[in-house]
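Working notes, structure below.
All of the numbers you see were taken from the coordinates with simple rules; none came from a lab. These figures come from a predicted structure and were not determined experimentally. Note: ideal-geometry Cβ built from the backbone for every residue, glycine included; neighbour counts use all protein chains shown.
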Amino acid sequence: MPAYTFPASFDYLDEIRELVAETARAGGFSEKAIYSLQLAADEAASNIIEHAYEGISNASIYLTCDINGEEIVITMLDKGTPFDFSAVKEPNLTSDLSERQIGGLGVYLMRKLMDKVNYETTRAGNLLTMTKRRV
Amino acid sequence: MEITNQEFKHCDLIAVKGRVDSATAPQFAKALETANNSSRFKIVLDMNELEYMSSAGFRALLAAQRNCKRYNRGEVVLARVPVRIREALELAGFTELFKMFDDPVTAVGHF
């Protein structure tokens, strides 16, 4: 399980998406699934940069991305502020334009795009684990 | 990401190419704001060469739609939305907030 370290900067989102796509493609995932995986990884990394590392420079995201049997497993570890993942409410997607909330959309997309999303705060930092099965 | 804007009599045709993520969304939002600041509120967004858009881009779309629709002065419509991006917009519940057209000529003619 190689671990990759990325600077916690939006400028590296391209590379994170590319790494996920390469792994998924090698693992036989469909183009539709690859797009979903890229989007989920992007939303996860964007959240870390925007929230966990808010106001912190020179921070890093520690990423693994592996094929495990029928599944792809993406983990991201950050050492920033823990985030109450379970408190993120589902955005109201039926409300009209004026009431539409944009907050929480990233987490909502991650949950919809992946089969499993787990977030825990460990001694090493905040660990996000996302898995998706090949179908 | 690359943005080009073509002004027609009744609307602006803005083409967005490449990838819109948290890094590039501010530039995308700014292009839409620039049109609004010139009192251009009828906007066709041509996504034909758009490869990728995250929720950061969706946020910019939502802000632009709110601003354009205010006082009934216009709206943002989408043209040639690539299938993957359409699926993501659907998942986010955005498809009902934007009219979508298969070709930009019809979209421009809508205004």
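How about region B:81-97: which of its residues are under 29 Å from B:Lys9 (Cβ atoms) and either crowded, with 18+ Cβ neighbours inside 10 Å or facing chain A (nearest Cβ under 9 Å) (or both)? Across region B:81-97, the qualifying residues are B:Val81, B:Ile85, B:Leu89, B:Phe94, B:Glu96, B:Leu97. State whether the residues of region A:75-89 include one that is touching a helix residue (DSSP H, G or I) at 6+ places or on another chain (Cβ under 6 Å), at the interface with another protein chain (Cβ under 10 Å from one of its Cβ atoms), charged (D, E, K, R) and buried (at least 20 other Cβ atoms within 10 Å of the Cβ). Checked against the condition, which is being touching a helix residue (DSSP H, G or I) at 6+ places or on another chain (Cβ under 6 Å), at the interface with another protein chain (Cβ under 10 Å from one of its Cβ atoms), charged (D, E, K, R) and buried (at least 20 other Cβ atoms within 10 Å of the Cβ), region A:75-89 yields no hits at all.
Can you confirm whether region A:117-124 contains a residue that is within 12 Å of chain B (Cβ to nearest Cβ) and either among the basic types (Lys, Arg) or part of a helix (DSSP H, G or I) (or both)? No - not one qualifying residue is present in region A:117-124.
Screening A:Leu113 on (1) under 11 Å from the mean Cα position of the chain (by Cα); (2) within 8 Å of chain B (Cβ to nearest Cβ); (3) surrounded by fewer than 19 Cβ atoms within 10 Å (Cβ to Cβ) shows it passes everything except condition (3). Tallying residues that are of a type in the set (Gly, Ala, Ser), without any contact (Cβ under 8 Å) to a residue 24 or more places away in the chain and under 30 Å from A:Ala26 (Cβ atoms) within region A:69-126 yields 1.
Evaluation of B:Arg66 against the conditions (1) surrounded by 18 or more Cβ atoms within 10 Å (Cβ to Cβ); (2) closer than 27 Å to A:Ser46 by Cα shows that the sole unmet condition is (1).
Conditions tested, residue by residue: (1) of a type in the set (D, E, K, R); (2) within 19 Å of A:Val107 (Cβ to Cβ).
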| position | (1), (2) |
| --- | --- |
| A:His51 | no, yes |
| A:Ile61 | no, yes |
| A:Asn68 | no, no |
| A:Glu71 | yes, no |
| A:Lys79 | yes, no |
| A:Phe83 | no, yes |
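Check B:Val76, B:Val44 and return the single one that is assigned to a strand (DSSP E or B) and either more than 11 Å from the chain's Cα centre (by Cα) or within 12 Å of another protein chain (Cβ to nearest Cβ) (or both). Of B:Val76, B:Val44, the one residue that is assigned to a strand (DSSP E or B) and either more than 11 Å from the chain's Cα centre (by Cα) or within 12 Å of another protein chain (Cβ to nearest Cβ) (or both) is B:Val76. When A:Leu93 is tested against (1) farther than 17 Å from A:Phe6 by Cβ; (2) outside any loop (DSSP other than H, G, I, E, B), just one condition goes unmet, and that condition is (2). Taken over region B:6-32, the criterion of being crowded, with 16+ Cβ neighbours inside 10 Å and more than 14 Å from chain A (Cβ to nearest Cβ) is satisfied by B:Cys11, B:Asp12, B:Leu13, B:Ile14, B:Ala15, B:Val16, B:Ala31, B:Leu32.
No other residue among A:Glu54, A:Glu43 is in a loop (DSSP other than H, G, I, E, B) and in contact (Cβ under 8 Å) with a residue 12 or more places away in the chain apart from A:Glu54. On the basis of being more than 27 Å from B:Glu96 (Cβ to Cβ), among the hydrophobic types (A, V, I, L, M, F, W, C) and not in a strand (DSSP E or B), does A:Ile48 make the cut? Judged against the criteria, A:Ile48 is a match.
For A:Arg100, the criteria (1) within 15 Å of the chain's Cα centre (by Cα); (2) within 10 Å of chain B (Cβ to nearest Cβ); (3) of a type in the set (Lys, Arg) hold in every case but one, which is (1).
When the criteria are applied in full, A:Thr129 meets the requirement of being more than 14 Å from every other protein chain (Cβ to nearest Cβ), surrounded by 15 or more Cβ atoms within 10 Å (Cβ to Cβ), among the polar types (S, T, N, Q) and in contact with a strand residue (DSSP E or B) (Cβ under 8 Å, 6 or more places away or on another chain). As a summary of the residue check, B:Ala35 satisfies the conditions (1) in contact (Cβ under 8 Å) with a residue 12 or more places away in the chain; (2) of a type in the set (Gly, Ala, Ser); (3) within 14 Å of chain A (Cβ to nearest Cβ) except for the one numbered (3).
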